[in-house]
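The values are calculated or read from the model by the stated rules, or taken from the named source; none is laboratory data. Since the structure is predicted, the reported quantities are computational estimates derived from the model, not experimental observations. Backbone-built Cβ (ideal geometry, glycine too); neighbour counts: all protein chains shown. Ligands, DNA and RNA are excluded from the accessible area calculation, which covers all protein heavy atoms including side chains. Shrake-Rupley method; radii C 1.70, N 1.55, O 1.52, S 1.80 Å.
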Amino acid sequence: MSTVTGGKARKRLLVAAAIVIVLLLAFFVPPLFSLAHYKTRIAELMSRALGRPVRISAVEARLLPRPGFEIDDLTVEEDPSFGAEPILHANTVDASLRLLSLWRGKLEISRISLDEASFNLVRTDQGRWNVDALFRSATGTVAQHGGSNTGRNPFPTIVATNSRVNFKRGIEKLPYSLTNADLSLSSIRDGGWEIGFKGQPVRTDLILNPADTGELEVNATIHDAPELRQMPLKLQAEWKKAQLGQLTKLLLGADAGWRGDLTGDLTIQGTAGDATVQSRLKATNVHRMELATLAPLDFDANCSFNYHASALLIEKIECDSPLGNGQLRLTGQVHQQTGDEQGTPETQLAVELKSLPAEAGLDILRTLRAGVLPGIEANGTVNGQLKYSPKPEAPATGKNIRAAKAHTSSPEPLTGSLTIDGLELTGGALKEPMKFGKIELHPVASAPNAPQALEAKVPFSVGAPVPLQADVHLERTAYRIHLYGPAATEKARNLVIALGLEDERKLPVIQGGTLNADLELNGPWIAGFATDADHFSGTATLRNATFSTPLLLSPVEIASAILRFDAKGFSWDGVNFTYGPLTGSATAEFPTCIEPCLKSSPAQFTLSFEHLDAAAAEAAFLGGDKKQTLIAKLLEKLKPNPQQPWPELEGSIQAASMSIEKVNFTAPHMKLRLKGTHATIESLDAQLLGGTAHLTGTYDYENGKPVYSLDFQLNALKPAEVGSLFGQSWGGASASASGKLTLGGYTGDELTSSATGKLHFDWKHGSISAPASQIPAVMAKNFAHFDAWSGEAQISGGSLRLGENQLESNSAMHSVNATITLSTPAKMIINAKQ
């Protein structure tokens, strides 16, 4: 017993000693054993295995856990026809040796492990791939070493982790890459390859969240053939956990505003040139990002087809997808070259819709673009079939000239029709349901070099005896809707808002009356990815309507007007209106965005009147928060509503005549700019008192009252007309005056009592005749005829008092003391010399 026990103990000691010796050799021998002189041989060995030139910086031996090499800075050169960048680069590589090859005195690599490698996948414009030569070279290496007969292939298994795959078109590097990629490539016994891949798609030119672009996983088996496209293959791919917003940003370069989760499965069996393809695309919780509370649009589409690269043919297409309680089906084949007289296959596609809910179509439209029919629901079903079968093109030479001519008059390639039954729109901003009769969409002849479109005529009532007509034109990438005919004004406005054609803030509040519309809406199906955005344009002619706004005291009665819409905004033209005591015509132009466009580009307007009374005009344009009459005696009660300030406006007001109290202006023309409760009078020009008046200034609303600051110039005034204001008889040559004036309030009394300022006047060769109560006898002779009178005057306290002045009369200079009372009627009293 002791002998047996001792033998076991000695065996254990020998095994332990052997393990220690091996560990010591593994630890001490590699640093002492330099492989520098083997570096070239190892590079050549890897080059033969990969079929490309290989460069390495340093090599170290490794005995455990299995013999091999640790390689620094591995570079696998590219074929120059595919570019100058390496096909593969890795900073650190682990290469394991085949143990049996060492017994035969050879070095053979069984496995190459790379971490954080960079791999370039290149395709030329001629359809060649840079990995094609790599596979063919590797296949030759396998055959050279006996292939499956040896039972062990010399081509190494290649495994890469945490790596990156870059895609290139020739020498151009594309913005698409795969990161966090795990790849594997290994040969199989029957002469082929097993390929595995898993990674996350990204774009190098955009900031993306890799976790939201999903994970792409591919597993494939490829068998040997002279060319890559001839290799029999079986490929299974899955793209999962993709978020639609980041996915559209990845594929299209911008977030299309879609949300939801997408999973795709793909199976390819055959060769790269001839294959059977089956796919499944499943999406859940699909919606616009701004419509998250609405019912999502989910779908589960299954497709299968056969692909023949040499014939440029995709045949036996069958795609099915349930949508709601209906079904969408696509069948046919696609050939990139049209058929000829020898009977080559033609492109033939058919789309069939069975009981497709109209709500599903609305959901698809909302998913494609934002702002479509907000809050509105659709009832009804869509049925029908569309077929696409372009005719073959025969060569237009020799015997086929007649055939070519016949082809020019051949039927259009798109045939069939789609029918929408029982369409009804409800909810949202619609105050009552919109019901439509049977709608039939049918293909129409295309213009030269243009694809066909679908068209439909859709009549519907908008409160007028005759229906409004909508001509719908649908192209592959864009749409156009032409609306024309009569409508009740208020219902038409609600319809435009409900359908999302215009923002409610941009449309005027018009009630009553009728309009005759001629409007067009057009744009791309997917907004944001086309050069043009949506356009709403056209005209609407109004009759006997009213325009309301909190900015005005009462509605504006519109006898007739034309409302125009275009890309710049909307405008009023030919407006004939009545507003209280004011009757006139107007035009106005408002930019599309209203806010903030008005800050840099104010709305433009013009107002024209036959006669304009200043008191009535003030009431009309100052606005207020109470419904008041437009009588001057009530002006003191008018106050602008600070919650409803006027938008920024710029324009002009003109009239044949204007009156302020007893002062009449002829052909006044004023240019002004309004912003909130502030107005800038850029100019006011008119004929006044036989001469001309020019005025500039500002208007503000301070302490509950309007305040005016004015600069004025009066030229060539006729003395007779000026004197009549004071009940006096003036004569002689013309006079002029200029000055500054500040005044505030609503009533005449408030304006005159608050007026302050100064005035300078000049009058030559004049005369004044007035009662003795206004001009003392001692001064009357000086005013009977004078050579010149000029001076300064101060305005305050409801009167104008002469300051320093000189009256040249009877060859003598006089200083006049005079006061002009600005009440109604105005009075001028000249005092005796002090």
With θ set to phi - 60° and the Karplus curve 6.51 cos²θ - 1.76 cosθ + 1.60, what are the ³J(HN,Hα) couplings of the range 474-487 in order, to the nearest whole Hz, using x for Gly and Pro?
-> 10, 9, 5, 10, 8, 9, 8, 10, 10, 9, 8, x, x, 7
Starting from the amide H of Asp115, placed 1.01 Å from N in the peptide plane, find each other amide H under 5 Å away whose residue is 5 or more places distant or on another chain.
-> Thr92, Thr161
Listed residue pairs exceeding 24 Å between alpha carbons, taken from Lys758/Lys827; Lys240/Lys354; Lys718/Lys781; Lys316/Lys457 | Lys240/Lys354; Lys316/Lys457
Take the solvent-accessible surface of the protein heavy atoms, probe 1.4 Å, and return the percent of it on the range 229-290 that carbon and sulfur atoms account for.
-> 53
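Are there any GluC sites (Glu not before Pro) in the range 186-255 that are in a DSSP loop and have at most 15 other Cβ atoms within 10 Å? List them by number.
Numbers: sites: Glu194, Glu215, Glu217, Glu227, Glu238; in loops: Glu227.
Answer by residue number: Glu227.
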Modelled label-to-label distance, Ala445 and Thr161, 7 Å Cα→beta-carbon offset: nm?
-> 6.9
Quotient of Cα Rg and 2.2 N^0.38 Å for the range 668-818, N being how many residues it contains = 1.17
Gain in length, Thr692 to Thr606, computed as 0.36 nm per residue apart minus the alpha-carbon separation, to one decimal in nm?
-> 28.7 nm
Roughly speaking, what is the stretch gain from Glu60 to Asp421, that is 0.36 nm per residue apart minus the C-alpha to C-alpha distance, in nm to one decimal?
-> 122.2 nm
How high is the FRET efficiency from Ser823 to Thr541, r the C-beta distance, R0 56 Å, rounded to 0.05?
-> 0.65
Karplus ³J(HN,Hα) for the range 725-730 (6.51 cos²θ - 1.76 cosθ + 1.60, θ = phi - 60°; Hz, whole; x = Gly/Pro) runs 5, 9, x, 10, 9, 10
So how much slack lies between Asp94 and Gln126, counting 0.36 nm per residue of separation and subtracting their Cα-Cα distance, in nm?
-> 7.9 nm
Expressed in angstrom and rounded, the centroid-to-centroid distance over alpha carbons for the range 695-739 and the range 459-486 is 58
Search the structure for amide H atoms under 5 Å from the amide H of Thr347, placed 1.01 Å from N in the peptide plane, and list their residues when 5 or more places away or on another chain.
-> His335, Gly339
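Quick check for you: with a 1.4 Å probe and neighbouring chains kept, what is the accessible area per residue of the range 183-246, in Å²?
I get 50 Å² per residue for this part.
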Give the residues of the range 456-500 whose amide nitrogen is closer than 12 Å to a point set 7 Å from the Cα of Asn516 in the direction of its Cβ.
-> 485-487
Nearest 0.05, what FRET efficiency do Gln333 and Glu682 give at R0 = 51 Å with Cβ-Cβ as r?
-> 0.10
For Glu108, the residues 5 or more places away or on another chain with a placed amide H closer than 5 Å to its own amide H are Arg98
Starting from the Cα of Glu215, step 7 Å along the direction of its Cβ; do the same at Ile171; then give the gap between the two resulting points in nm.
-> 3.9
